[in-house]
Amino acid sequence: MKKGAVKMMETIMIIFVFFMMFMIGIIGYTRFQQSSIEAQVRESSFFRAVDVSELVTMPELRCSDYSTLNCIDYYKAKAFSSVISNDENAELYYSDKFGFSKILINVVYPKKDEIVIYSKVPKRYSTAPTFKIPINVHDVVSDTYSFAILEVKVYS
């Protein structure tokens, strides 16, 4: 091989190595960005769930006596669930507030019961973390309190 051909091969090899290092850098950067975006989506889902879980303070569901914290009236919750599932205007109003989520009250003690407050599931979603919050459920007819778990599942 002539001296010019060797120099040309050297230049091509240097360019090839530089290109490979550049591609490895781009791949690493995109993976780092992807994990950062996934973390932001999880954080956003958490904050959205916290916003949705504030329904405990909504007058539509809150206990009439203001002495108990995190208290939901059992009959108000049943009526609210019925109205949401049967009235399109109410569903439209609360879908703006709750978005794509499922809100469920699991009464645990002394009697077991389950009340689906709101449910709007998208056709496609990537994550749906569930957040559980302990609450009291007040039965005004028997004047008893039950322990329950408010489950908030936010779809994103």
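Just to be sure I understand the rule: take each whole DSSP H helix in the chain, project its Cα atoms onto its long axis, keep it if the span is 24 Å or more and its mean Kyte-Doolittle hydropathy is at least 0.5. Which ones pass?
3-53
Please figure out what share of the DSSP beta bridges in the chain is antiparallel and state it in percent, rounded to the nearest 5.
90 percent
Step through the table entries 97/120; 76/120; 76/123; 112/132, compare each Cα-Cα distance with 18 Å, and write down the pairs that go over it.
76/120; 76/123
Projecting each Cα onto the charge dipole of the stretch 45-156 (Lys/Arg +1, Asp/Glu -1 at the beta carbon, about the Cα centre), which of 110, 98, 126 comes out farthest on the positive side?
126
How far apart, in nanometres, would the label points at residue 147 and residue 91 be if each is projected 7 angstrom from Cα along the Cα-to-Cβ direction?
3.6 nm
Quote the charge dipole size of the stretch 36-154 about the Cα centre in Debye, to the nearest 20; the model charges only the Cβ of Lys and Arg (+1) and of Asp and Glu (-1).
So the dipole magnitude of the stretch 36-154 works out to roughly 440 debye.
For the stretch 36-154, calculate the relative contact order in percent as a whole number, restricting contacts to Cα pairs under 8 Å that are 6 or more residues apart.
28 percent
Compute the distribution of all C-alpha to C-alpha distances in the stretch 1-131, in bins of 5 Å from 0, and list the percent of pairs in each, rounded to whole numbers.
With 5 Å bins starting at 0, P(r) equals 2, 8, 12, 14, 12, 9, 7, 5, 4, 4, 4, 4, 4, 3, 3, 2, 2, 1, 0, 0.
None of the figures in this text is laboratory data; all of them are computed from the coordinates on show. Please read all numbers here as calculations on a predicted model, not as lab measurements. Note: ideal-geometry Cβ built from the backbone for every residue, glycine included; neighbour counts use all protein chains shown.
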